[in-house]
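The values are calculated or read from the model by the stated rules, or taken from the named source; none is laboratory data. A quick note: this is a predicted structure, and the numbers were derived from the prediction, not measured. Quick reminder, even Gly has a Cβ in these numbers, built from the backbone with ideal geometry, and neighbours come from all protein chains shown.
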Ligand code: GTP
Ligand code: MG
């Protein structure tokens, strides 16, 4: 009988934040349930959804999506919600420039309240949602949007439509790729730190172990 190949499994907490009515819940519903509704019901507090990705032949990625109400508006609760997140989407509505203006505040709120375990910022992708409709403001200028994202520390940005199912899978794949890279880099750093401890001269009980480990 062939031995079962053990799959690598990852569980990642992803935040979805941004102003009221920008389409956070709609993006998640589209991504997880392939469903869209015109009907608007404001999220209260936070909702959750799970998306399972068969990433490659030997990797399964589970995304725990935290759909945070726009009405939380960088309040006290966001600190609790952001804890241990490893990725983030900030969503604005391309038809309302005021929601883009608030993006900077959401990003600052995120970076001031959470980092990865190696103290680097949580990778964050900006979503310019409702791109099936007429756009207002900076989002009409691709190179200025690129500059804005670089300046504010976004890892990338995508125009999306939950209604027409545009770019949502692509944006998620992009973010997960970054998260997996960060995960590998942090694991490697931790392994290197362990090696330094094992090689350290001070503790003889640790240095003795070196022979069997290296
Ligand atoms: P809060 O929970 O209040 O923070 O809002 P939200 O960001 O979760 O917004 P929600 O997903 O509830 O969407 C708000 C409204 O925008 C709803 O009426 C949606 O149908 C509509 N909407 C969302 N995404 C799109 C889109 O891509 N295109 C269009 N045309 N409408 C959209
Ligand atoms: Mg919502």
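Before moving on, here are some points about what is shown:
- Qualifying residues in region 13-32 (those that are near ligand 2 (Cβ under 9 Å from one of its atoms) and on the phi > 0 side of the Ramachandran plot) - the one farthest from the chain's Cα centre (by Cα): 21
- Among the residues of region 65-95, those that are at pLDDT 95 or above, more than 10 Å from ligand 1 (Cβ to nearest atom) and under 18 Å from residue 126 (Cα atoms) comprise 65, 66, 82, 85, 86, 87, 88, 89, 90.
Here's the yes/no breakdown for (1) surrounded by 12 or more Cβ atoms within 10 Å (Cβ to Cβ); (2) touching a strand residue (DSSP E or B) at 6+ places or on another chain (Cβ under 8 Å); (3) free of Cβ contacts under 8 Å to residues at least 40 places away in the same chain; (4) in a helix (DSSP H, G or I):
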residue: 118; (1), (2), (3), (4): no, no, no, no
residue: 132; (1), (2), (3), (4): yes, yes, yes, no
residue: 145; (1), (2), (3), (4): yes, yes, yes, yes
residue: 157; (1), (2), (3), (4): yes, yes, yes, no
residue: 172; (1), (2), (3), (4): yes, yes, no, yes
residue: 179; (1), (2), (3), (4): yes, yes, no, yes
residue: 188; (1), (2), (3), (4): no, no, yes, yes
